[in-house]
Structures are given as C-alpha cells and as structure tokens.
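Undergrad: My questions will all concern the structure given below.
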Amino acid sequence: MKSITLRLAEAALLGCLAAPCWAIDLAPAPGGRLMAERVTDPGSYAVPSGPWREETGVPAIRAEGRVLRQSWRVDSPDLTTLQILEPLRDKLEASGYEILFDCSSARCGGFDFRFGTEVIPAPEMYVDLTAFRFLSARGPGDSYVTLLVSRSNAAGYVQVIQTSPTTAPEGAPDGETPAETPAPQQTPEAIPGGEIAARLEREGHVVLRDLSFESGSASLGETTVASLEELATFLTADPSRRVLLVGHTDAVGSLAANTELSRKRAAAAESYLRARGIPAGQLGAQGAGFLSPVASNLTPEGREENRRIEAILLPSE
C-alpha cells in the first residue's frame, strides 16, 4: 500500500502537469480544453477591482511577479456562463481566496470594461460583449486571480490570469528567475498585410502609429496611410476577419468632447478602409476618449503618445 506521503507527492505532480506548481488549478470541467498558455516571470498585471466608470475607467491593482495567462474552451452548447464560473469561484473560496469583484456584462461596464482590461486575443479567447462574467480575487501571499467567462453559440470560453510574487527557484542564484518562453510567432511575410497584420494575429491589437490629426480635427487629409493600406490588404485576403478601430485622445478638455472626437477619428479610419473596398461587416469604430492612456498626460510627449488609434482583432462571426 502506498504511503500517504507518496500519494500526496503523486497528486502534486499531477497538478503540476496541468499548471505551474505555484498556481491553483482552475481548468474548467467538464471537457475544458487548453487553448493558450503563457508564463511571464517576472511580469506585471493590472487586476481589475471594480466596474468601469466614466470618470475613472476600470480601477485596478498592480500585481507583480510570476504571471500565468491561460484560455480554455468548454465544448458545450448548454452550459451558461454562470454554470461555468460557479465551480471555479467555489474552488477559489475553498482555497482561501477573497473575492474582490464579481460582475456580469453591463454591471461590469459592458464594452468599456471589456476593452479596458487585458484579454487573450481570438481565436484562443472569445468574448460576447453582451454576455460575459468577470471575477477577481486576492489569495494568500498577495497572489491574485481573475476569471473572464463568455460563450459563443457552440462553446464556453474561460480566461484565467494568476499572479504570484516572484521568488528564486531552488538551485538558482538569488534574484534570478526563469525567462519567459516566447510563443511561436508567424513572420510578417507569412500573413498578407505585413507587420500590422502579424501583430494583430499575434497580440490581438496594434496601434496605428502613422495616423495623425490636427488638434481638434478628425480629418485624415488626402495622404495615403501605410498602416491602413496594410490593414486593407489583411482584411481583403481573409473576409472572415473583423477589426474594431478605437480612437484615443489626451486628457486636455472634457471627457464628453474627447470621447466624441476619438469616435470621429476612428470613424475617419473606418471610412478610409471602406473606400478601399472593405465591407462594413468587417469593420467597426468606437471612441474611448482619454480613458485608456499609455503614457502620462502631464507632458507633451505623453499626450502625443495617448493621441492614437488602435485596431483590435475581433472573433469571426
């Protein structure tokens, strides 16, 4: 008969096969299929801790250390998002995690919450903007977990992001941690549309840096825009691909005015692509105003960085 110690060791080994040994196993059951997994060590993650608000955006706690990102597909047309989430929430609470924030769709902030948080790009993760659930939790030792659950007509999707403070592994010099193993990447030459298309496929979004506007203007002028030409090539080559153009501004002026300006700028990019023969069904345009900065608005350089348009790759319908 096996000793209790041996049985515990075997159980721990099986757990490590499903996820890194420092992470809690949150594979959805039954029938969960791992679609993507990436470990960053050290890394950082903005853990959403409340709903999106027009005044503040999505509040977040910055967690640093090891970061595990996973997406899972549950091939079942019958399970609801709550039925998928509930056993995972129960497991977190049984493991000593404190639930920080638990919401569904509109209560999270809908579209604005979805695009204000980190999401693994399609096709590994799918999010229905009108039917998703989100949960964040704090665990022992300042570890964090977030769950994002949604579904298509045929399957459920679960995104799991876990963080744990970094400690040096046994046998490694103090302060050294394993480097991130990069995922296989397609070269830009392998995808029609060049680097813009390659980044969309690889990362799910890309900033169109060569789009420029006069202050307060939403006109692209009469010039040819290289990034939009690449985007048009990409969308023409694969009619199943859909892209959302999202405009962003600096924080000078009111939120309402900046949101409208950012929407008009995204719409200008959309019109450019429509003029290149891209069907309306492959495109969308939204404005985020100054709610998603990538740099400080206290400097001219930071404000210039924040005035941008991003292309976001959406799941095929």
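No value in this document is a laboratory result; all are computed from the given coordinates. Everything numeric here is computed off the predicted structure, so don't read it as measured data. Note: ideal-geometry Cβ built from the backbone for every residue, glycine included; neighbour counts use all protein chains shown.
Undergrad: Would you mind giving the three semi-axes, in whole Å and largest first, of the ellipsoid equivalent to segment 188-314 according to its Cα gyration tensor?
TA: They are 25, 15, 13 Å, listed largest first.
Undergrad: While we're on this one: Determine the gain in length on full extension of the stretch ALA106-ASP210; use 0.36 nm per residue of separation and subtract their C-alpha separation, reporting nm with one decimal.
TA: So the chain would gain 34.0 nm between ALA106 and ASP210.
Undergrad: Here is a further query. Taking the simple approach of a point 7 Å from Cα along Cα-to-Cβ for both SER217 and GLU203, what is their distance in nm?
TA: 2.8 nm
Undergrad: Applying 1/(1 + (r/R0)^6) with R0 = 41 Å to the Cβ-Cβ distance of SER44 and THR80, what FRET efficiency is obtained, to the nearest 0.05?
TA: Given R0 = 41 Å and the Cβ-Cβ separation, E is 0.80.
Undergrad: 5 Å is the cut-off here: which amide hydrogens, built 1.01 Å from N in the peptide plane, fall below it relative to VAL58, excluding neighbours closer than 5 in sequence?
TA: ARG53
Undergrad: Right, something else. Find the eigenvalues of the gyration tensor of the Cα atoms of segment 252-317, then list the square roots of 5 times those eigenvalues as equivalent ellipsoid semi-axes, largest first, in whole angstrom.
TA: 26, 12, 11
Undergrad: Roughly speaking, what is the stretch gain from SER152 to THR299, that is 0.36 nm per residue apart minus the C-alpha to C-alpha distance, in nm to one decimal? Before the final figure, lay out each step's value.
TA: Details: separation 147, 0.36 × 147 = 52.92 nm, distance 4.29 nm.
Taking 0.36 nm per residue and subtracting the Cα distance, the gain is 48.6 nm.
Undergrad: Moving to a separate point now. Search the structure for amide H atoms under 5 Å from the amide H of MET35, placed 1.01 Å from N in the peptide plane, and list their residues when 5 or more places away or on another chain.
TA: It is SER71, TRP72, ARG73, by chain and number.
Undergrad: Same structure again: Could you bin all the Cα-Cα distances of segment 24-164 into 5 Å bins starting at 0 and give me the percent of pairs in each, rounded to whole numbers?
TA: 2, 11, 22, 24, 23, 14, 4, 1, 0
Undergrad: Through the Karplus equation 6.51 cos²θ - 1.76 cosθ + 1.60, θ set to phi - 60°, convert the phi angles of segment 33-41 into ³J(HN,Hα) values in whole Hz; use x for Gly and Pro.
TA: Karplus-based 3J(HN,Hα) across segment 33-41 equals 10, 5, 9, 7, 8, 8, 10, 10, 8 Hz.
Undergrad: If you don't mind, another one. Once phi is turned into θ = phi - 60°, what whole-Hz ³J(HN,Hα) does the Karplus curve with 6.51, -1.76 and 1.60 give for every residue of segment 285-294, x standing for Gly and Pro?
TA: 9, 9, x, 10, x, 9, 7, 9, x, 10
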